[in-house]
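Taken together, the values in this text are just the output of simple stated rules run on the coordinates, not laboratory data. In this text, all values refer to a predicted model and were calculated from it rather than measured experimentally. Note that we place each Cβ from the backbone using ideal geometry, even for glycine, and neighbour counts take in every protein chain shown.
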Amino acid sequence: MELITFLGTAGARVMVANQITASGGIWLNLNGTEILIDPGPGCIVQATKRKLKAANLKAILLSHKHLDHSGDINVMIEAMTDGGFRRRGVVFAPADALEGDPVILHYLRSYPERIEVLAAGKSYEVGDISFETPLRHQHGVETYGFVFKTPRHTFSYIPDTHYLDELVRCYRGDLLIINVVRLEAGGPYDHLSLPDAQKIIEGIRPKAAILTHFGMTMWRAKPWELAERLSQETGVRVIAARDGMRFDLAQLDAATA
């Protein structure tokens, strides 16, 4: 079983502060290897609500330290390690999440088996799952996306960033998960817009693409309708994530059968 659970789909301040949709991050179960990505505010609530056990986690991945991605990083480290009584799991995070103005508390840092610092162009392993951080994003803090490789599939997660042409080259795979905060392009914003997402999807042409991390302009425009339109325009199956949505990677095999 290779299952992706969306614990929340909120992006940007207003959506998160008002919990218009949840902001819990993404939980992977890849043939028994469970990995949590970007545990934002409310992650522990959303996970337990869906009967996902933090003690089963093998790793927590933090793309960057902004609060909508890291708000529950400390409580999830505690939960993964039974409050520090069972030293287990690995935490992967950018250097600035640990230095200067850190979001991972010092007293928790001995709780996991280890903490690994992310860097551009590096590869990492969690059990029989590997992932890469192909490039540093253009964002307000140090930010990396992930390309995961399982024995059966390759899939990518593009978190917050200003649009870069390199995104198409770096995030190829069977499935693309992409944070789309803004409806319209333009402006000095280090977040992707719907036109940016369309350009990336058309360039990569994955078997499926999932939009998530919606800002208010995306939410008001009904992302499920926008995803349907993108499917028609790109010829790629595009899905708007919903809080609690589960996506089985076996669907990707069915798409090519």
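Residues of segment 26-48 include at least one that is in a loop (DSSP other than H, G, I, E, B) and charged (D, E, K, R). Just give me the residues in segment 34-57 being within 24 Å of residue 153 (Cβ to Cβ) and within 16 Å of the chain's Cα centre (by Cα), in sequence order. Selection gives 34, 35, 36, 37, 38, 39, 47, 57.
When segment 203-218 is filtered for residues that are surrounded by fewer than 20 Cβ atoms within 10 Å (Cβ to Cβ) and either of a type outside the set (D, E, K, R) or farther than 23 Å from residue 169 by Cβ (or both), the ones remaining, listed by number, are 203, 216, 217.
Looking at 200, 239, which is the one that is outside any helix (DSSP H, G or I) and of a type in the set (Val, Ile, Thr)?
239
Looking across segment 183-202 at every residue that is surrounded by fewer than 23 Cβ atoms within 10 Å (Cβ to Cβ) and closer than 19 Å to residue 66 by Cα, the one that is nearest to the chain's Cα centre (by Cα) is identified as 191.
Can you pull out the residues in segment 1-25 that are outside any loop (DSSP other than H, G, I, E, B) and either on the phi > 0 side of the Ramachandran plot or touching a residue at least 24 places away in the same chain (Cβ under 8 Å) (or both)? Within segment 1-25, 2, 3, 4, 5, 6, 10, 13, 14, 15, 16 qualify.
Does residue 68 count as acidic (Asp, Glu), within 24 Å of residue 193 (Cβ to Cβ) and surrounded by 16 or more Cβ atoms within 10 Å (Cβ to Cβ)? Explain how you work it out, then say what you get.
Details: acidic (Asp, Glu): yes; within 24 Å of residue 193 (Cβ to Cβ): yes; surrounded by 16 or more Cβ atoms within 10 Å (Cβ to Cβ): yes.
Criteria met by residue 68.
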